[in-house]
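Here is the structure we will look at, set down as C-alpha cells.
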Amino acid sequence: MYSSKDIGATIQSITARAVIDKDFRALCLEQPKAAYKQATGFELPSGFRLRIVDNAGADYTLVLPDPRSDEDELEHSDLERTTGGIGASGKEMSEPSREWVRDLMKRHRG
C-alpha cells in the first residue's frame with residue numbers, strides 16, 4: 001500500500017513530466033491509467049479510477065466518503081485525520097485551505 005509520501009512523489013513525477021512532455025501530457029488527459037503505468041511501471045487495480053484534468057482555472061475535486069448511518073457518523077476530528085491534511089495535489093494543504101474546508105463542513109453540519 002502506498003504511503004502519502006509515495007503518492008505525493010508519484011504525483012510530482014507525473015506532473016513534472018507532463019509540464020515538459022506534450023505527448024505524455026496528452027496521454028495523461030486521454031488515458032490516465034496508461035500514463036500512470038508509463039510513469040511508474042505499475043498498473044492500477046482494475047476497479048481504481050484515475051482522473052487527470054488540465055489546469056482550467058479554479059477547480060477542486062472533493063471526494064466524498066462512503067455513506068454512513070447516523071450511529072456511524074464520524075466526528076470532525078476523525079474527518080481531519082482521514083484526509084491527513086493532504087490536498088488534491090498530494091502536497092500538504094495550506095492553513096487557509098484547511099480553514100476553508102473546516103468552514104464548509106461547519107456550514108453543512110448545521
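Within the option set Phe24, Phe48, Phe42, being modelled with pLDDT of 95 or more and not charged (D, E, K, R) holds for one residue only, Phe24. On inspection, Ala39 does not qualify as assigned to a helix (DSSP H, G or I), exposed (fewer than 13 other Cβ atoms within 10 Å of the Cβ) and out of contact with any Leu (no Cβ under 8 Å at 6 or more places or on another chain). Which pairs turn up if I take residues in segment 45-66 that are outside the structural domain of Asp23 (by TED's automatic domain parsing) and free of Cβ contacts under 8 Å to residues at least 40 places away in the same chain and look for partners that are part of a loop (DSSP other than H, G, I, E, B) and small (Gly, Ala, Ser) with beta carbon separation below 7 Å, at least 6 apart in sequence or on another chain? That search, which allows pairs on different chains as well, returns Tyr60/Ala88; Thr61/Ala88.
With the structure loaded, tell me whether Ala35 is touching a Lys or Arg at 6+ places or on another chain (Cβ under 7 Å), modelled with pLDDT of 90 or more and of a type in the set (Gly, Ala, Ser) or whether it fails that test. The answer is no for Ala35.
Considering every residue within segment 65-77, establish whether at least one is loosely packed, with under 13 Cβ neighbours inside 10 Å, modelled with pLDDT under 80, small (Gly, Ala, Ser) and under 22 Å from Ala9 (Cα atoms). No.
The values are calculated or read from the model by the stated rules, or taken from the named source; none is laboratory data. In this text the structure is predicted, and so the values were computed from the model without any measurement. All Cβ positions, even for glycine, are placed from backbone atoms using ideal geometry, and neighbour counts span all protein chains on display.
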